[in-house]
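Below is one structure, written out as structure tokens; comments come after it.
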Amino acid sequence: MSLTTPLVLQPGQVGLAQLRRIHAGGVTLALAAGCVQGMDDALATVQDIVASDAVVYGINTGFGKLASTQIAHERLAELQRNLVLSHSVGTGEPLPDAVVRLVLATKAISLARGHSGVRPALVQALLALFNAGVLPVIPAKGSVGASGDLAPLAHLACVLIGEGQAMLQGRLLSGREAMAAIGLQPFVLGPKEGLALLNGTQVSTALALAGLLGAEDVFGAALVSGCLTLEAIKGSVKPFDARIHAARGQPGQIAVAAAVRALLDGSEIDPSHPHCGRVQDPYSIRCIPQVMGACLDNLQHAARVLEIEANAASDNPLVFSDSGEVISGGNFHAEPVAFAADIIALALAEIGAMSERRLSLLLDPGLSGLPAFLVADSGVNSGFMIAQVTAAALATENQCLANPSSVTSLPTSANQEDHVSMATYGARRLLEMARNTAVICGIEAMAAAQGLEFERRPAPSSGHWLKSSPLIEAQWADIRQRVDYLQQDRLLAPDIEAMRLWASQSHWPGAITACLPSHATPNA
């Protein structure tokens, strides 16, 4: 019995919820009916140009600075093969499997738009690789994100011509073996096909999408850990009053305040301290809606940009079969992706920075009212003291990584490509930033769960063990399934890793996921 779920792609209309499923795996892909005709029409336009001997860039000319060099008809296949091989110059560790799945899918979506002039069989081969779990080995470094992601996409294209390498269930295959695994012979590329495979923003977009999904996951973790901290320190819920946020009008802020109210609904802890004398909590508690709401607004904007780009025809030149024209432009320039990656980076840095400050607050008895470093017999025990150092190190690292990538540029191709986006690096760093932020939020949640156990001791008047809200109690119980209460010092690194995995999940309460773009889109 198949363990995969079929997912039908309608090029131009693939939504973030579908892209999240592609990233996660466990699906097989097919194109919607009707896509083949558009590809056939574009292919016929290219074939007519070749037959007429008209000189058109990308079909029978050289590339980049060599665009004015006409190539003889009998050497066009050699031209396309050489293009793929000469551009396969990537370096570094291979891209993660989840990112490669997105690259395969978005490249297929782009080519199936019917503006690239390639054979439908090439697109079907990309989907066959995906469906068989045969993932091209794509080095992570070597693209400047303009004239497309040339080097990494060349490594993808290599497999289609029987070159390069691919992975299948942990086994390294040659390109020829990879094609045999899907029952195909290597392709001999036709006019424009190599260029269409190499041009495009699919690697930058796939990396940025992976970063966006990671940012959504840690956004959810940060809201939960923030509520745990608020309860542990007996913080005030008044700053989350809907009227405050309506008076400002920022949509993300309003949504986050509503999510916090929903997460804390039914708590016994808040009503237990009406006269505690606490007037104002530190900003890392009181301003959760303002800061996390701004992060949410930025994530939603980035999501809109990346959803468009995942569906885009971004190679060059583009074929318009209705008029028989092939027009050279610049859709391969990944500036929209670069900007989106930069604002995701800002959001990730701020989510982590706020979480680290709340962690520090928990450990300070003068601010939290809890035992120093959240451990009994402190002095002999250090408790969470050095875990906070780890969180501070990662928060600072993220602040360095958040410096914008899109404002950097070096010209390439003898100054023909004189401004580049650096989107690929800008998107790639998001994976490390999301991981760092997951560690930070996981440590905060672990510490807050500990603080909550100190704080909800039986109320003096009733002997009743105070409980937080049902949603927060469920999260506390989940945390306790992963890590034990810290009675005395122990090796915390395994606990930190367990909590990183907790913070990297996507299954958060509906009050949170309702805010998140990849959960809120209808075409799941």
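Count of the stretch 298-356 residues, restricted to those that are within 21 Å of the chain's Cα centre (by Cα) and more than 21 Å from Asp41 (Cα to Cα), is 37.
Does Leu76 satisfy being more than 16 Å from Gly114 (Cα to Cα), in contact (Cβ under 8 Å) with a residue 60 or more places away in the chain and open to solvent by less than 40 Å² (accessible area, probe 1.4 Å)? For Leu76, the condition - more than 16 Å from Gly114 (Cα to Cα), in contact (Cβ under 8 Å) with a residue 60 or more places away in the chain and open to solvent by less than 40 Å² (accessible area, probe 1.4 Å) - is met. Here are the criteria: (1) in contact with a Pro (Cβ under 7 Å, 6 or more places away or on another chain); (2) modelled with pLDDT of 95 or more. Tell me which single one Asn60 does not satisfy. Status for Asn60: all satisfied but (2).
Scanning the stretch 88-102 turns up one or more residues that are in a loop (DSSP other than H, G, I, E, B) and touching a Cys at 6+ places or on another chain (Cβ under 6 Å). Residues in the stretch 183-215 that are over 11 Å from the mean Cα position of the chain (by Cα), part of a helix (DSSP H, G or I) and under 14 Å from Val305 (Cα atoms): Gln202 only.
Before we move on, is Leu466 among the hydrophobic types (A, V, I, L, M, F, W, C), surrounded by 13 or more Cβ atoms within 10 Å (Cβ to Cβ), assigned to a loop (DSSP other than H, G, I, E, B) and over 28 Å from the mean Cα position of the chain (by Cα)? Yes; evaluated as a whole, the condition is true for this residue.
For the stretch 218-243, taking the residues that are assigned to a helix (DSSP H, G or I) and without any contact (Cβ under 8 Å) to a residue 40 or more places away in the chain, the one that is nearest to Gln450 (Cα to Cα) is identified as Lys238.
The number of residues in the stretch 394-407 that are of a type outside the set (A, V, I, L, M, F, W, C), within 14 Å of Val439 (Cβ to Cβ) and either open to solvent by less than 60 Å² (accessible area, probe 1.4 Å) or at pLDDT below 95 (or both) comes to 1. The number of residues in the stretch 472-517 being within 30 Å of Gly252 (Cβ to Cβ) and either in contact with an Asp or Glu (Cβ under 6 Å, 6 or more places away or on another chain) or open to solvent by 70 Å² or more (accessible area, probe 1.4 Å) (or both) comes to 7.
Scan the stretch 408-415 and give yes if some residue there is more than 24 Å from Leu263 (Cβ to Cβ) and either aliphatic (A, V, I, L, M) or open to solvent by less than 10 Å² (accessible area, probe 1.4 Å) (or both), otherwise no. Yes. Residues that are acidic (Asp, Glu), in contact with a helix residue (DSSP H, G or I) (Cβ under 6 Å, 6 or more places away or on another chain) and in contact (Cβ under 8 Å) with a residue 24 or more places away in the chain: does the stretch 86-95 have at least one? No, there is no match, as no residue in the stretch 86-95 is acidic (Asp, Glu), in contact with a helix residue (DSSP H, G or I) (Cβ under 6 Å, 6 or more places away or on another chain) and in contact (Cβ under 8 Å) with a residue 24 or more places away in the chain.
The values are calculated or read from the model by the stated rules, or taken from the named source; none is laboratory data. Everything numeric here is computed off the predicted structure, so don't read it as measured data. Neighbour counts are summed over all protein chains in view; Cβ atoms, including those assigned to glycine, are modelled from backbone coordinates with ideal geometry. Heads up: the accessible areas ignore ligands, DNA and RNA and are worked out on the full protein's heavy atoms, side chains in. Shrake-Rupley method; radii C 1.70, N 1.55, O 1.52, S 1.80 Å.
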